[in-house]
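Some notes on the structure that comes next.
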Amino acid sequence: MPRRIARFLGVATAAGLAAVLLSGAASAPARNPIRPTPAVAALGTVRISGVEYTEARSFFNRYGLKPTGLEAGSRLRLESSWTKVEIEANSREASLNGTRVFLGEPVVARDRSLFISRIDAEKVFSAILRPAGIAGAVPALRTIVIDPGHGGIDPGKQHAGLKLDEKTVALDTALRLKKLLEREGYQVVLTRTDDRHLSTDKSEDLRRRAEVANEAHADLFISLHFNAVPAVDAPRVQGTETYTFTPQYQRSTADGTRLAADRVAAPGNRHDAWNAVLGYALHRQILSSLKAPDRGLKRARFAVLKFVSCPAVLIEAGFLSNDAEARRIGSAAYRDDLAAAIAAGIRAYDVQLIAARR
Ligand SMILES: [Zn+2]
């Protein structure tokens, strides 16, 4: 029996399982063996500006969340004993248990009620609040592919004063993470184990990283990066961002307008709902372990995520452009903590998979 399963069974008393689930992603344990019919289908949708929406209060009611505050019909707070959600009219940013989660469509106010888009309801909120209800087979979790960003001719982002290259700290963190995950019994493959690029052509380089995952029959793909902003913004911008691939028909977090690419489905869309579960578990764990500022769980059509056929996430684990954060990233102890946080986030995700299989 893999060690990670043995470890899981060690806590799999009813109370232990509930404690793990509640501390991890604050999701309700699936006690009822009968899966609910898809919440949104039962509630019905309305079309607003060409997008399907569903009424937020009734939707969240199905997950045991009751409104505790509605400010002038524009901001809605809902709570159950283990979950808190906040949404705001005209905003694509929601708060889920205090974590920033970006949606694909803005929340809309109508007749003093708030509406969330059908795709956000299904692929963000339903997925994270009740992973056991996600349609289709529950993914396995044996082989994990870690992708240290950049390498070789491509240093990635840099901090000149500290002589830090993104490619170096990403690889170092990946090697630390590999050791931790192997100790847990997972099989781990890296897209590169030394300072090299996979192609001199950037888009080919990114595509090959995804191919490594697909050829290894990866069950989970995690791309590790560090970010930077222009000098004028550097002092105030720090923290962690976690990205999953943008669902079809939705806008990426950074996009203000709709693009032709929004309509195209990619292999990276096969696991939209599980991507959200994975991204949320990892993002929360990194924030709580490292006390890092929360830049949000976001969506982007990054090429490495686009071609991967398993649940996948890209972590921007801090800003090399920020002096204080760059100094932290430059320390081996911090990269150890970061690797440990990511490993713990993967375990939290695995616990959700195991619970969903029951
Ligand atoms: Zn990068």
Quiz prompt | Sites S58 and A324, calculated FRET efficiency, Cβ-Cβ separation with R0 30 Å, nearest 0.05 | solution = 0.10
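Give the carbon-plus-sulfur fraction of the accessible surface of the chain in %, rounded to a whole number; probe 1.4 Å, heavy atoms of protein chains only. Please list the in-between numbers first.
Numbers: 8010 of 15570 Å².
Looking at the chain in its full context, I get 51 percent from C and S.
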Practice problem: Grab the other residues whose beta carbon is less than 15 angstrom from that of G152, score K and R as +1, D and E as -1, and report the net. | Solution: -3
Exercise. Taking the chain as the reference, fit the longest principal axis to its C-alpha atoms, fit the long axis of helix 14-24 to the helix C-alpha atoms, and give the angle between the two in degrees, 0 to 90, nearest 10.
Key: 70
Quiz item: What whole number of Å gives the distance from the Cα centroid of the stretch 104-173 to the Cα centroid of the stretch 280-342?
Solution: 10
Practice problem: Pull out a ≥ b ≥ c, the square roots of the eigenvalues of the alpha-carbon gyration tensor of the stretch 80-159, then state rounded if a/c is under 1.5, prolate if not and a/b is larger than b/c, and oblate in the remaining case. | Solution: oblate
Self-check item: Overall dimensions of the stretch 39-129 as given by Cα atoms, namely Rg and Dmax in Å
Solution: 11.6, 35
Quiz item: Which value at 222 nm does the chain reach when only helices count, each DSSP H run of 4 or more adding -39,500 (n - 2.57), with the total divided by all residues and rounded to the nearest 500 deg cm²/dmol?
Solution: -10000 deg cm²/dmol
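Can you give me the accessible area per residue for the chain, using a 1.4 Å probe, in Å²? Could the numbers behind the result be given before it?
Working: 15570 Å² over 358 residues.
Heavy-atom SASA per residue in the chain reads 44 Å².
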Quiz item: So for the stretch 278-358, what percent of the C-alpha to C-alpha distances run longer than 21 Å?
Solution: 36
Self-check item: Spacing of the two label points (7 Å from each Cα toward its C-beta) at S80 and D201, in nm
Solution: 4.9
Practice problem: Quote to one decimal, in nm, the extra length available between D233 and K179 on full extension: 0.36 nm per residue of separation minus the C-alpha distance between them. | Solution: 15.9 nm
Self-check item: Model label zone, A265; criterion: amide N under 18 Å from point 7 Å along Cα-to-beta-carbon; scope the stretch 241-256
Solution: 245-251
Quiz prompt | Cα pair distances in the chain, grouped into 10 Å bins until the bin that holds the longest one, percent each | solution = 5, 25, 34, 24, 10, 1
Quiz item: Picking from R112, R176, R207, which is most flexible by a Gaussian network model of the chain using Cα springs under 10 Å?
Solution: R112
Quiz item: Using a Gaussian network model of the chain with C-alpha springs under 10 Å, which one of L297, L78, L171 is most mobile by mean-square fluctuation?
Solution: L78
Quiz item: Could you give the angle, 0 to 90 degrees to the nearest 10, between helix 272-290's Cα long axis and the longest principal axis of the Cα atoms of the chain?
Solution: 60
Quiz item: Considering the chain as a Gaussian network with a 10 Å cut-off on Cα pairs, which listed residue, V108, V46, V308, attains the greatest mean-square fluctuation?
Solution: V46
Quiz item: How far is it, in nm, from the label point at R142 to the one at V46 when both lie 7 Å from their Cα along the line to the Cβ?
Solution: 4.9
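The values are calculated or read from the model by the stated rules, or taken from the named source; none is laboratory data. As the structure is a prediction and not an experimental result, all values here were calculated from the model. Neighbour counts run over all protein chains shown; Cβ positions are idealised from the backbone, glycine included. We work out accessible area using only protein heavy atoms, side chains counted, and drop any ligands, DNA or RNA first. Shrake-Rupley method; radii C 1.70, N 1.55, O 1.52, S 1.80 Å.
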